[in-house]
1. For the range 8-129, with only Lys/Arg (+1) and Asp/Glu (-1) charged at the beta-carbon, what is the dipole magnitude about the Cα centre, in debye rounded to 20?
2. Which ³J(HN,Hα) values, rounded to whole Hz and listed in residue order, are derived for the range 55-69 from phi using the Karplus coefficients 6.51, -1.76 and 1.60 in 6.51 cos²θ - 1.76 cosθ + 1.60 with θ = phi - 60°, glycine and proline given as x?
3. Return the sequence-ordered ³J(HN,Hα) values of the range 154-162 in whole Hz as given by the Karplus equation 6.51 cos²θ - 1.76 cosθ + 1.60 applied to θ = phi - 60°, using x for Gly and Pro.
4. Report Rg/Rh for the range 27-79, rounded to two decimals, where Rg is the Cα radius of gyration and Rh the Kirkwood radius.
5. Taking H placed 1.01 Å from N in the peptide plane, check which residues at least 5 places from L60 or on another chain put their amide H under 5 Å from its amide H.
6. Could you list which residues have their amide H under 5 Å from that of T84, counting only those 5 or more apart in sequence or on another chain, with H placed in the peptide plane?
7. Could you tell me whether the range 1-63 comes out rounded, prolate or oblate from its Cα gyration tensor? Rule is a ≥ b ≥ c as square roots of the eigenvalues, rounded for a/c under 1.5, then prolate if a/b exceeds b/c, otherwise oblate.
8. If you plug each phi of the range 104-111 into the Karplus form 6.51 cos²θ - 1.76 cosθ + 1.60 with θ = phi - 60°, what whole-Hz ³J(HN,Hα) values come out, in order, with x for Gly and Pro?
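Every number here is computed from the coordinates shown, using simple stated rules; none is lab data. What you see is a predicted model; the values in this text were computed from it and never measured. Positions of Cβ are generated from backbone atoms using ideal geometry, with glycine treated the same way; all protein chains shown enter the neighbour counts.
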Amino acid sequence: METTRQRRILVVEDERAIADAVAARLRAEGFLVQVVGDGPGAVEAARRTPPDAIVLDLMLPGFDGLEVCRRIQAEHPVPILMLTARGDETDQLVGLAVGADDYMAKPFSMRVLAARVHALLRRVDKMDRAPETTRPTIRLGDLEINQAERRVLRAGVEAHLTPTEFDLLVHLAGRPRTVLPRERLLADVWGWADASGTRTVDSHIKGLRRKLGADLIRTIHGVGYALEADRKHEADRGNEAGR
Ligand code: CA
């Protein structure tokens, strides 16, 4: 019988009251929780004992949450839930750009926080259960998605995607030229049941376009997104081969 390993969550927050409340709630949910109060300490803690997920405050002493995110994701990708000031959309977008998977504005309810952490971990579990080493490489025009190695190339140039960006891209590539509603992407990629986070989808699409080219994903306003496989490129190749 398989025993369930206790999940380890790193909480990075310098406001003691919030840190304590978050830690208490996550411990009550059955997680092993470590609390760190500054940027350098967070990077060090994640390096020493890689956590299963990180709850990361944006404003921190030392260096801020964005820098923590950048450094940790560069070493060992891990799902990150970022905590931001209320309604500061710029912070949220930048957070997603440097590799956070999700964000929550303060103040937030501990119930919602716990639900978001569970959703992040469910996504990781789903990835573990279906080993990608046996999944084929997807080729669409000049786009190549190597699922076994989780690497993406466009026109032969490698793009460095965050785990969420990669999952989103694989999802879109699984049904090329098909419009996928944002709510469905949110449910399938993020594991959220409610549609309150569709802006998160938009932000990650922005990230994919920035890294892979703006022409790759088409926006269908008010509905969702579709991956445009590069047919022209395929045709060009065909001509060359026939020459
Ligand atoms: Ca803070």
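1. Values: 16 positive and 19 negative charges, 106 e Å.
Dipole size: approximately 500 debye.
2. 9, 10, 6, 6, 8, 9, x, x, 10, 7, x, 5, 5, 4, 4
3. These are the phi-based 3J(HN,Hα) values: 10, 6, x, 9, 6, 10, 9, 9, 6 Hz.
4. Expressed as Rg/Rh, it is 0.95.
5. Excluding prolines and chain starts, which carry no amide H, the hits are G65.
6. M104, A105, K106
7. On the way: a/c = 3.43, a/b = 1.53, b/c = 2.24.
Judged from the Cα gyration tensor, the range 1-63 comes out oblate (a/c at least 1.5, b/c at or above a/b).
8. Using θ = phi - 60°, the values come out as 9, 8, 7, x, 10, 8, 5, 5 Hz.
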